[in-house]
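Here is the structure we will look at.
What follows is calculated from the coordinates using simple rules that are stated; it is not laboratory data. In this text the structure is predicted, and so the values were computed from the model without any measurement. Every residue, glycine among them, receives a Cβ derived from its backbone with ideal geometry; neighbour counts consider all protein chains shown.
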Amino acid sequence: MKKPLNSHHPLLLFDLETTGFSPQKDAIIELGVLLLDTHLSPQKKYSFFVKSPHVIPQKITDLTGITQRMSDSGQDVRDVFDLFKAFNHSDALWGAYNTQFDIGFVQALFDRFDPGSQVQANLFDVMAIYKDRYSAPHSLKQAIKTLDVPLANTHRAIDDVLATAEVLKRLHAVKPVDSFVNIIGYHPKYGLRGPKYSHIQYVAQHNIPGSLETQINRIEGGSHA
């Protein structure tokens with residue numbers, strides 16, 4: 001049986017700003033990590049720029065406001081790895097808005113600094129939960145608007161993770177989201193991208209509210225049969 005969302009320690013939300021979409025070719029340029037308490041409220045945060053080995057594309061600067069100078073003044077990417085490694089155990093729960101994208105960059109760090117190791121933490125995706133309850137579009141910006149969250153989607157790591165935390169809290173208040181732990185939904189048209197872990201269930205998620213939770217109930221029902 002799954003543990004309740006807020007019984008994991010730590011309960012961690014994170015967001016990464018990057019120079020592009022490829023964990024193998026692109027670089028992390030900003031990190032935002034938020035630890036939540038049992039009430040899903042912010043307890044502790046980590047936020048810093050990250051030195052990039054690549055020139056930051058102008059389109060990324062236009063989107064995020066992060067300049068080459070900001071990145072050059074940031075911390076080494078090894079510090080990002082060390083932070084995630086410290087929280088990488090089976091009692092931890094990590095989440096993000098579109099977790100499968102961000103976790104690809106985290107796994108790339110594990111591959112680089114600790115070859116052969118993998119993410120062991122439990123995972124969940126706030127975007128998948130929102131998508132299962134509301135019609136498209138399913139961007140963080142739209143979730144903020146729909147749920148009347150008083151925070152903006154700025155494309156800056158700590159701002160977006162704070163907004164994601166509030167979206168999660170409001171979703172959970174309406175109906176508990178515990179069943180979404182260790183479930184990653186993916187778009188059936190594009191297939192599953194990024195790393196895959198044995199303790200995670202990967203489920204094709206259609207743009208039909210309630211369809212993912214129906215599949216989760218079938219999965220859990222089958223596991224208890």
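Residue 146 to residue 217: extension gain in nm, 0.36 nm per residue of separation minus the Cα-Cα distance?
Using 0.36 nm per residue and subtracting the Cα-Cα distance, I get 23.0 nm.
Using a Förster distance of 35 angstrom, determine the FRET efficiency expected from the C-beta separation of residue 86 and residue 135, and round it to 0.05. All intermediate terms of the calculation are to be shown ahead of the outcome.
On the way: r = 39 Å, r/R0 = 1.11.
Using R0 = 35 Å, I get an efficiency of 0.35.
Expressed as a whole number of Å, what is the distance separating the alpha-carbon centroids of region 65-110 and region 1-31?
About 6 Å separates the Cα centre of region 1-31 from the one of region 65-110.
If we sort 201-207, 118-124 on the protection proxy, mean other Cβ atoms within 10 Å, highest first, what's the order?
Packing proxy ranking, top to bottom: 118-124, 201-207.
Return the inverse of the average 1/r over all pairs of distinct C-alpha atoms in the chain, which is the Kirkwood hydrodynamic radius, in Å to one decimal. Mind showing how you got there, number by number?
Values: mean 1/r = 0.0560 Å⁻¹.
The Cα-based Kirkwood calculation yields 17.9 Å.
Step through the table entries 141/169; 131/175; 2/175; 169/196; 59/85; 3/169, compare each Cα-Cα distance with 22 Å, and write down the pairs that go over it.
The answer is 169/196; 59/85.
Which ordering of 213, 30 is given by a fewest-first count of other beta-carbon atoms within 10 Å? Let's see the in-between values first.
On the way: 213 17, 30 25.
Fewest to most other Cβ atoms nearby, the residues stand as 213, 30.
Can you order the peptides 172-185, 97-110 by their average number of other Cβ atoms within 10 Å per residue, highest first?
Highest to lowest by the protection proxy: 97-110, 172-185.
Compare the peptides 41-53, 125-137 by average per-residue count of other Cβ atoms within 10 angstrom and give them in order, highest first.
125-137, 41-53
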